[in-house]
Each structure stands twice: as C-alpha cells, then as structure tokens.
1. Per DSSP helix of 4 or more residues, -39500 (n - 2.57); summed, then divided by the residues of the chain. What does that give at 222 nm, rounded to the nearest 500?
2. Under a Cβ-only charge scheme (Lys and Arg +1, Asp and Glu -1), can you give me the dipole magnitude of the chain about the Cα centre, in debye to the nearest 20?
3. Please order ARG105, ARG152 by the number of other Cβ within 10 Å, starting at the fewest.
4. May I ask you to compute the full-extension gain from LEU204 to PHE16, defined as 0.36 nm times their residue separation minus their alpha-carbon distance, rounded to one decimal in nm?
5. I need the calculated FRET efficiency for the pair MET104 and ALA161, taking r as the beta carbon distance and R₀ as 41 Å, to the nearest 0.05.
6. What Kirkwood hydrodynamic radius do you get for region 2-120 when you take the inverse of the mean 1/r over all pairs of distinct Cα atoms, in Å?
7. For LYS35, list the lysines whose Cα falls under 28 Å from its own Cα; do not include residues on the same chain fewer than 8 positions away.
8. Say each of ALA135 and ILE168 gets a label point 7 Å from the Cα, pointing the same way as Cα to Cβ; how far apart are those two points in nm?
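Only the coordinates and a few stated rules stand behind these numbers; no lab work does. As the structure is a prediction and not an experimental result, all values here were calculated from the model. Every residue, glycine among them, receives a Cβ derived from its backbone with ideal geometry; neighbour counts consider all protein chains shown.
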Amino acid sequence: MLYLKLFLTFLKIGIFTFGGGYAMISLIENEVVEKQHWLTPEQFTDILAVSQTTPGPIGINTATYVGYTATLDAGYGTGGAVAGALLASFAVVLLPFVLMLVLMRFLSAHRDNPTVKVVFRTLRIVVLGLIAAAALSLLTVESFGVPGWNRRFVVSCAIFAMVFILSILPNRKRDFHFSTFHFQLNLRPHPIALLIVAALLGLLLYA
C-alpha cells in the first residue's frame, strides 16, 4: 500500500510541477509532510540539504531520499527502502518525460505562435512564485533555530547572509598583481565553493 501511495504521490508531483526542481519543493513538502506525514519538517529540511549537495537534479534527489526514508521508517528494511527510493524516482520523471517528448514536437512547429509565447511568459511568472514560496518555506525553526539572541539562530542568519550576498555579486573578474605574479579572481565565488565553506563553518560552529 505504501509503495502505491509513493508511486501515485510522485507521479502527481511530476506532472503538476513546472519550473524544475526548485519549483517542486513546495509541492513535495505539501504532499510528504503535510498530507502523508511520511517526514517531519526537520527531516524534510535535512533531505533538501543533502539533495542540494549531491550530484543530480534536486527534484529527483529529493524523491529518492523521501522514498527511501518513508519506507525505511515504515519498517520495510534496507532492501524495501531501496525499492521505495527507486519507485519514487521513477514516478517523478515518468510523466514529465513522456510529456516533453510530445511537447517538443508541438513547440518545434509553433514556437513563434503569439499564443504560445504568452503562455510561456505567464508560466515564467508562476515558476518564479513557486521558487519564492519554496525559499520562504525553508525559513523555519528547523533550519535557523528559535529566533532570538541564541548562538544557533545568530550563526545561521550570519551564514545565510554571507552566502546570499556572495551569490548576488557581479560575475566579473578582477586582476591581481603580486610582484611578478598575475592572476584573475572572479568576484562571485563558485556555488560549490560556497557549499563547501558553509558546510565547514557549520561543522566548526555547531559541532
């Protein structure tokens, strides 16, 4: 029964999500935390963090971890949890894959149609709203700690502000000269570098 619920839930998430993995987050949270109660808000936040730092699309990674955790917590064992992870991952990409094959033929023939352009312009606005909702949904006690002048909340806000500011810096290179050495440095750090630095800061400050 749980496998069927996992399959149908992620099948629905896959077909009704526009805008990629980040736009999926709010819908996945609503399904697996609010409706099905497979995960706690803290577990879901942890899964998102792991999904962000592992290779692959965040939507598929999240589906994999949710499927694994939900079946493992239900007592299906490690083998059953792996099956749940594979099932959720397959379900979330099944209908979008089929739909894209159909849509590509249509869009190739009608990409310059004014109605099609209006539809996609509207979808971009909707996707932006979904991504903003996903970002706001992560501003929780599980992520930042209890608001106030306590150590965890202050450190979390400081790391958040640091990563946010560095991420929006202009993507420009500056020349640096030291004696006979010359090199260029990008003002905006690479996202992987930000993830590594933030992880090390968290390890040092929270451990």
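1. On the way: 9 runs with 147 residues, N = 207.
Result for the chain: -23500 deg cm²/dmol, rounded to the nearest 500.
2. On the way: 14 positive and 9 negative charges, 154 e Å.
In debye, rounded to 20, the chain gives about 740.
3. On the way: ARG105 9, ARG152 14.
Ranking ARG105, ARG152 by Cβ neighbours within 10 Å, fewest first, gives ARG105, ARG152.
4. On the way: separation 188, 0.36 × 188 = 67.68 nm, distance 4.04 nm.
Length gained between LEU204 and PHE16: 63.6 nm.
5. 0.50
6. Working: mean 1/r = 0.0664 Å⁻¹.
Across region 2-120, the inverse of the average 1/r is 15.1 Å.
7. LYS5, LYS12
8. 0.7 nm
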